[in-house]
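Asker: One structure coming up, written as structure tokens, with questions to follow.
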Amino acid sequence: MKEQLAEKILIKTMGWTVEKATQERLDIQLLSEFKYDYYQQYTQGMRFIESLAHWINRFDENDREFAYKFVKENLIFISEDQMSQLVSLSFAKYIKPILVQQSFVAAEKIKDTSIKKETIFDFFLSSTLFLGLSDGAHIDYFRRCNPFLDNEQVFMHYDYSNARSGKLKESLVERNQKYSFCEQLQENNDCFKNVVILDDFSASGISFIRNESNKWKGKIPALFDNLIDNCTVSNKFDLCIILYISTAEAINYIESHVKEYVNKEHSNIEINLSVNAVQIVNSVAIEKDDLCFKFLSKYNDSSVVDKHFKKGKHNYPFLGFNECALPLILYHNTPNNSFPLLWYNSMDSENNALFPRITRHK
């Protein structure tokens, strides 16, 4: 009953004819039922159609049709099932090829020709440490998708203790005792040869690594501090960064900044770096003189710009953090790189967000 009332309010607000309402109702109901209703930041009892009716009402009558089309034609919603699929693809798509390549190279160094490449592959797999960069890494599901991994080589967070590091290394040594050729491939048998770090999303790469006032900050520098301080790796290792969803810009940014960081801060360390995304998402192409830019700027709320928002470009804050201009909604929350018009609830306004965002930074 509540959903039917929301539909009536939406139809009245939009000023649709009976024919138009019939056509649009089918599309909205389909999108709601299979995706949008499962957005986890909706309050108890809230559904997409109700949220859409309240959201549309915030615009001037002449802008409501444009706002509706903007959402319908541009929105990208990643459901929980879709995210799970991306997690399940990550090992086969990006990690296994690295281990296979290492195995072929190592086979040339091993004197015992009776050793199979599959055995060498198992050694490199055993010498790989998997770490999550946030809750979004879905380490629990990643582990279930790859049951052949040892529990002591998969850890939910990159910021682990000295005690945890000791356990990881002890388990590594124990696993590698069965490989007679181990010493031929690495000097330190208690150091991981590969480190794979996992996270769900990045649009700018700024939270991963950045240089502020000649100080390196972000998840990657913190990761390196842990790896080196705890002697988890030797002075030469492979680092594979996998994002389940990312923009191409973030991939390029992370890759270039990690290389710069290592060259400046850890010049004694040699890394073979790869940065990958299982799914690439694209920004909405917006020019300053087009209708979309004018529409977004008209409903700009400058209060979205706080000290955290200022870490990225913010001349046009209505394009989202670092002006990424993304129409992206993740099932559990909306990234701040998406258009604020979709997710931002100002404290000074009664306007409702279409997909309310919960922020970690206060």
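The values are calculated or read from the model by the stated rules, or taken from the named source; none is laboratory data. Since this is a predicted model, take the numbers as computed values, not measurements. Neighbour counts are summed over all protein chains in view; Cβ atoms, including those assigned to glycine, are modelled from backbone coordinates with ideal geometry. These area figures cover heavy atoms from the full protein model, side chains too; ligands, DNA and RNA do not enter into them. Shrake-Rupley method; radii C 1.70, N 1.55, O 1.52, S 1.80 Å.
Asker: For region 211-238, name all the residues that are in a strand (DSSP E or B) and either over 15 Å from ASN194 (Cβ atoms) or touching a Pro at 6+ places or on another chain (Cβ under 8 Å) (or both).
Answerer: Matches in region 211-238: ASN211, GLU212, LYS215, TRP216, LYS217.
Asker: List the number of the failed condition for GLU7; all other conditions in (1) open to solvent by 60 Å² or more (accessible area, probe 1.4 Å); (2) touching a Lys or Arg at 6+ places or on another chain (Cβ under 8 Å) hold.
Answerer: Here GLU7 clears every test but (1).
Asker: When region 164-187 is examined, which residues are found to be surrounded by 15 or more Cβ atoms within 10 Å (Cβ to Cβ) and not in a helix (DSSP H, G or I)?
Answerer: Those that are surrounded by 15 or more Cβ atoms within 10 Å (Cβ to Cβ) and not in a helix (DSSP H, G or I): TYR179, PHE181, GLN186.
Asker: A further question on this structure: Considering only region 188-210, how many residues are open to solvent by 40 Å² or more (accessible area, probe 1.4 Å) and outside any strand (DSSP E or B)?
Answerer: Here the count works out to 4.
Asker: Which residue is surrounded by the fewest Cβ atoms within 10 Å (Cβ to Cβ), if the candidates are limited to region 230-259 and must be over 21 Å from the mean Cα position of the chain (by Cα) and without any contact (Cβ under 8 Å) to a residue 40 or more places away in the chain?
Answerer: Ranking the candidates gives ASN235 first.
Asker: Answer yes or no: is there a residue in region 50-71 that is open to solvent by 30 Å² or more (accessible area, probe 1.4 Å), within 27 Å of the chain's Cα centre (by Cα) and among the polar types (S, T, N, Q).
Answerer: No, region 50-71 contains no residue that is open to solvent by 30 Å² or more (accessible area, probe 1.4 Å), within 27 Å of the chain's Cα centre (by Cα) and among the polar types (S, T, N, Q).
Asker: Scan region 317-335 and give yes if some residue there is exposed (fewer than 14 other Cβ atoms within 10 Å of the Cβ) and not in a helix (DSSP H, G or I), otherwise no.
Answerer: Checked against the condition, which is being exposed (fewer than 14 other Cβ atoms within 10 Å of the Cβ) and not in a helix (DSSP H, G or I), region 317-335 yields no hits at all.
Asker: Could you check region 110-157 and list, in sequence order, the residues that are hydrophobic (A, V, I, L, M, F, W, C) and either open to solvent by 90 Å² or more (accessible area, probe 1.4 Å) or assigned to a helix (DSSP H, G or I) (or both)?
Answerer: ILE120, PHE121, PHE123, PHE124, LEU125, ALA137, ILE139, PHE142, CYS145, PHE148, MET156
Asker: Then there's this: Quick one: which of GLN40, GLN44 is within 19 Å of ASN345 (Cβ to Cβ), of a type outside the set (Val, Ile, Thr), modelled with pLDDT of 90 or more and surrounded by fewer than 17 Cβ atoms within 10 Å (Cβ to Cβ)?
Answerer: GLN40
Asker: Would you point out the residue of region 176-200, among those that are under 31 Å from the mean Cα position of the chain (by Cα) and charged (D, E, K, R), that is farthest from TYR331 (Cα to Cα)?
Answerer: Result: ASP190.
Asker: Report yes if some residue within region 265-288 is touching a residue at least 24 places away in the same chain (Cβ under 8 Å) and assigned to a helix (DSSP H, G or I); otherwise report no.
Answerer: Yes, region 265-288 contains a residue that is touching a residue at least 24 places away in the same chain (Cβ under 8 Å) and assigned to a helix (DSSP H, G or I).
Asker: Looking at (1) closer than 18 Å to GLY312 by Cα; (2) part of a strand (DSSP E or B); (3) not acidic (Asp, Glu), which is the one condition that is false for ILE241?
Answerer: Of the numbered conditions (1) closer than 18 Å to GLY312 by Cα; (2) part of a strand (DSSP E or B); (3) not acidic (Asp, Glu), the odd one out for ILE241 is (1).
Asker: Quick one: count up the residues across region 198-253 that are of a type in the set (S, T, N, Q) and within 16 Å of ASP159 (Cβ to Cβ).
Answerer: The number of residues fulfilling the criteria is 4.
Asker: Turning to a different aspect of this structure: Give all pairs with beta carbons closer than 6 Å in which a residue from region 317-337 that is within 14 Å of ASN282 (Cα to Cα) and touching a residue at least 60 places away in the same chain (Cβ under 8 Å) meets a residue that is open to solvent by 10 Å² or more (accessible area, probe 1.4 Å) and in a helix (DSSP H, G or I); count only pairs at least 6 apart in sequence or on separate chains.
Answerer: Partner pairs satisfying both residue conditions: PRO327/ASN74; ASN337/PHE321.
Asker: Condition test on SER103, is it farther than 22 Å from PHE355 by Cβ and at pLDDT 90 or above?
Answerer: Yes; evaluated as a whole, the condition is true for this residue.
Asker: Any residue at all in region 307-314 that is touching a helix residue (DSSP H, G or I) at 6+ places or on another chain (Cβ under 6 Å) and either small (Gly, Ala, Ser) or at pLDDT 95 or above (or both)?
Answerer: yes
Asker: Please count how many residues of region 72-109 are over 23 Å from the mean Cα position of the chain (by Cα), touching a residue at least 40 places away in the same chain (Cβ under 8 Å) and either under 24 Å from ILE245 (Cβ atoms) or surrounded by 16 or more Cβ atoms within 10 Å (Cβ to Cβ) (or both).
Answerer: The number of residues fulfilling the criteria is 4.
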